[in-house]
Structure formats: C-alpha cells, structure tokens
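Here is the structure we will look at.
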Amino acid sequence: QMTFIEQIIEFLTQKGTIDPKLLFESPFDEKYEGGIIGAFQGADGAAKVVIDIVKEINRNAEVG
C-alpha cells in the first residue's frame with residue numbers, strides 16, 4: 001500500500017493533479033490488478049479515503 005501511495009505522490013509531484021479514474025488504470029494497475037482496488041483489497045473503505053484525499057488535493061491545486 002505504501003508503494004501505491006508513493007506512486008500517487010510521485011504522479012502528483014510531476015503533474016500537480018490526478019483524475020481519480022486514473023487510479024484504476026496504468027501505471028497504477030501495473031503492480032496491483034485493478035489499481036487502487038487491488039492495492040487496498042481487504043482494507044475496508046481505505047480506497048475511498050485515498051480517492052477522497054486525491055480529490056481534496058485536486059481542489060486545492062485548482063484554487064492555488
């Protein structure tokens with residue numbers, strides 16, 4: 001899971017924002033089938049929490 005989060009951070013550092021839909025696609029699905037769902041499989045609600053955080057980061061980037 002930490003590797004997945006690090007991948008999100010790296011993407012955000014390079015691009016500034018990320019469409020949450022991308023968390024289910026390449027490059028995020030290369031290590032975990034299904035992307036974020038595979039990375040957080042069995043972690044109740046964790047994928048939604050991460051998606052909500054990404055959405056908040058996106059909102060903050062748009063305002064700034």
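The values are calculated or read from the model by the stated rules, or taken from the named source; none is laboratory data. For clarity, every value in this text was computed on a predicted model and none was experimentally measured. Neighbour counts are summed over all protein chains in view; Cβ atoms, including those assigned to glycine, are modelled from backbone coordinates with ideal geometry. Surface accessibility is based on the protein's heavy atoms, side chains included, excluding ligands, DNA and RNA. Shrake-Rupley method; radii C 1.70, N 1.55, O 1.52, S 1.80 Å.
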Tell me which label goes with the value of volume of the Cα convex hull per residue in Å³ computed from the coordinates here: (i) 61; (ii) 105; (iii) 69.
(iii)
As an exercise, use a Förster radius of 22 Å and the Cβ-Cβ distance of Glu10 and Gln41 to find the FRET efficiency, rounded to the nearest 0.05.
0.50
With each run of n ≥ 4 DSSP H residues scored as -39500 (n - 2.57), what mean residue ellipticity at 222 nm is computed for the chain after dividing by its residue count and rounding to the nearest 500 deg cm²/dmol?
-17500 deg cm²/dmol
Nearest 10 degrees, 0 to 90: helix 46-63 Cα axis against the chain principal axis
10 degrees
So the angle from the long Cα axis of helix 2-15 to the longest Cα principal axis of the chain, reported in degrees to the nearest 10, equals 30 degrees
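Can you give the extra length, in nm with one decimal, that the chain gains between Thr3 and Lys31 once fully stretched, where that is 0.36 nm per residue apart less the Cα-Cα distance? Display every interim value, and only then the final one.
On the way: separation 28, 0.36 × 28 = 10.08 nm, distance 0.93 nm.
Using 0.36 nm per residue and subtracting the Cα-Cα distance, I get 9.2 nm.
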Under a crude label model (7 Å from the Cα following the beta-carbon direction), how far is Thr17 from Ile51 in nanometres?
1.8 nm
Over the chain, with neighbouring protein chains present, the accessible area per residue in Å² at probe 1.4 Å is 69 Å²
Those lysines that a straight Cα-Cα span of less than 18 Å connects to Lys15, excepting residues fewer than 8 apart in one chain
Lys55
